[in-house]
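Data first, discussion second: the structure below is written as structure tokens.
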Amino acid sequence: MAGTPDPNEPITATLMLRRRTEELPRPGSSRVTREEFADLYGANPDDIALVEQFAAENDLTVGEIDLARRSVVLSGTVANMGEAFGTQLRLFQSPEGVVRGRTGALFVPAEVADVVTGVFGLDERPQAKARFRRLIGRVGPRAAGDTSYTPNTVGKLYGFPAASTGLGQTVAIIELGGGYKTADLTAYFTRLGIKPPSVTAVAVDGGVNKPVGDPNSADGEVLLDIEVVGAVAPKAKMVVYFAPNTDQGFLDAITTAVHDKVRNPSVISISWGAAESAWTDQSLKAFDQAFQDAGLLGVSVCCASGDDGSADGVTDGAAHVDFPSSSPNVLACGGTRLESTGGKITNETVWNHGIGNGATGGGVSEKFALPSYQAKAGVPVSVNPTHFKGRGVPDVAGDADPATGYQIRVDGKDAVFGGTSAVAPLWAGLIALLNEKSKKPAGFINPALYKALGKGFNDITSGNNGAYGAGVGWDACTGLGSPSGAALFAALGGKKKSRRKGYGAGSRKRP
């Protein structure tokens, strides 16, 4: 601890409220419009009135109210916020410097205890990390099969529909730092022979597009996400929601994107996360409910599963999965090592370069129970002493090994990046293509993928991420596998076409 904040310092907090009904349709079974959502599943106006009364009694000011997002923004001093929520705010040392935080539980009066489901913003310590790995020059000869690809080449190897461009789709990208320069995007896409796509930056909670100037910073994450989506779905619009790296900023960015009536994203890509153990219970619940909202609106959410193997960077000797990828309401994206010759995949294994050098995240959640769509997938119980029968991570996979990584341009420099940070935007771009091709949003896609019993995937059967090994069918390293374009479209209800009609040469099925 580094001291106490000025009691007169002004701060804001986002309060999340209960839904007006908890009776939700089965995931993936029903969709509503953004215009309908607030009346069906948003906050109750009567609950807003109770929160306003609570704010007045505690000398807090009510700011933005959003019934669809079920959020109310309150502002006040450190002293008033601490008293209102029964907590002591302190200063803590973080990698970003001295920041405000709290310890222990939060409390609200009985009259709003059932109304308020979460309070975010009192703690401004960094919440998540970007899930990318940059390829750094190595000493000695390269391993056989090492190479790098443009993202659209990876798409061809996986048989992405070549006739589709993402036209009419909008992909939301969540970023918690860094930024992009238009000059980098113009140079990158011009080199690929692609007209630079439409990219819009949206500020959330004061977050802005602010390049650091260092490819190893969050700039690398931002450019990786944009350039992967833009290369595989060049006519899709991209909206980048920049927010501070706090629990409040992360959540507000997600809910803003999910409920954005102006830009109407149909896919969201998230390449930031942290081990489940690093999150509070209120955060896990609020984020998961935001992803439920996305599913109800027909929005697909793709999340990176982490780059530190089955431990997810935690050093307590236990296995951990990354959140938000462990939410049962997102598509969790794991990583592979992808080798090819002559435009065809020759070998694909679990990405794992050992401790400290990167490996795909994956395992069994300790927080979320096994979802119904994974009931027949063969998800094991956790390897931890709890042996919890939890949500299996990941659902799908794609190329993530930096040694077979993606050619990216960031801060005026060419670089090669990997990590599951690349897989989330890769799948987001693929879903944009499938949405265009099928003329409807895939929405919460997990039930359909598991119902197809692995059809549409290249099954990855070799390798491990530490505590879990790959095998036939679903596994806790690469999920159902990497995408096989034509077969995947067919498995999701589309009409299967031959390769000559627009599918890349990489389409094939492994035993």
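Laboratory data are not the source of any read-out in this text; all were calculated from the coordinates shown. Keep in mind that this is a model prediction, so the values were computed, not measured. Cβ: placed from backbone, ideal geometry, glycine included. Neighbour counts: every protein chain shown.
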Practice task
Sort segment 327-420 into rounded, prolate or oblate with this rule: let a ≥ b ≥ c be the square roots of the eigenvalues of the Cα gyration tensor; rounded if a/c is under 1.5, and if a/c is not under 1.5, prolate when a/b is larger than b/c, oblate otherwise.
Solution key: prolate
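Can you give the Kirkwood hydrodynamic radius for the chain, in Å, rounded to one decimal and based on Cα pairs? Intermediate results must be reported in sequence, preceding the final value.
On the way: mean 1/r = 0.0436 Å⁻¹.
Its Kirkwood hydrodynamic radius stands at 22.9 Å.
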Handout entry: Protection-proxy order for peptides 417-430, 361-374, each taking the mean of Cβ atoms within 10 Å per residue, highest first
Key = 417-430, 361-374
Fill in the blank from the handout: Distance in nm between Lys439 and Glu64 label points, each 7 Å along Cα→Cβ, equals 3.6 nm
Exercise for the section: Compute from the Cα atoms of segment 10-120 the Rg and the Dmax, the latter being the longest Cα-Cα distance, and quote both in angstrom. Expected result: 16.1, 46
Exercise for the section: Measure nothing but the geometry: give the 0 to 90° angle between the long axis through the Cα atoms of 182-191 and the longest principal axis through the Cα atoms of the chain, rounded to 10°. Expected result: 20 degrees
Handout entry: the chain: angle of helix 247-258 to the longest principal axis, Cα-based, in degrees nearest 10
Key = 60 degrees
Problem - Set Lys129/Lys285; Lys235/Lys413; Lys156/Lys237; Lys237/Lys261; Lys156/Lys235; Lys195/Lys237 screened for pairs whose C-alpha atoms are more than 23 Å apart - result: Lys235/Lys413
Handout entry: Among Ala49, Ile65, Pro27 - extreme Cα towards positive end, dipole of segment 10-120, charges at beta-carbon
Key = Pro27
Practice task
Highest first, please rank the peptides 473-486, 450-463, 246-259, 304-317 by the mean number of other Cβ atoms sitting within 10 Å of their residues.
Solution key: 473-486, 246-259, 304-317, 450-463
Handout entry: ³J(HN,Hα), Karplus 6.51/-1.76/1.60, whole Hz, each residue of segment 360-374, x for Gly, Pro
Key = 4, x, x, x, 10, 4, 9, 10, 10, 5, 4, x, 4, 5, 9
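Mind ordering 67-79, 179-191, 277-289 by average Cβ neighbours within 10 Å, highest first? Numbers along the way, then the final one.
Numbers: 67-79: 20.8, 179-191: 16.4, 277-289: 18.4.
My ranking of the peptides, most packed first, is 67-79, 277-289, 179-191.
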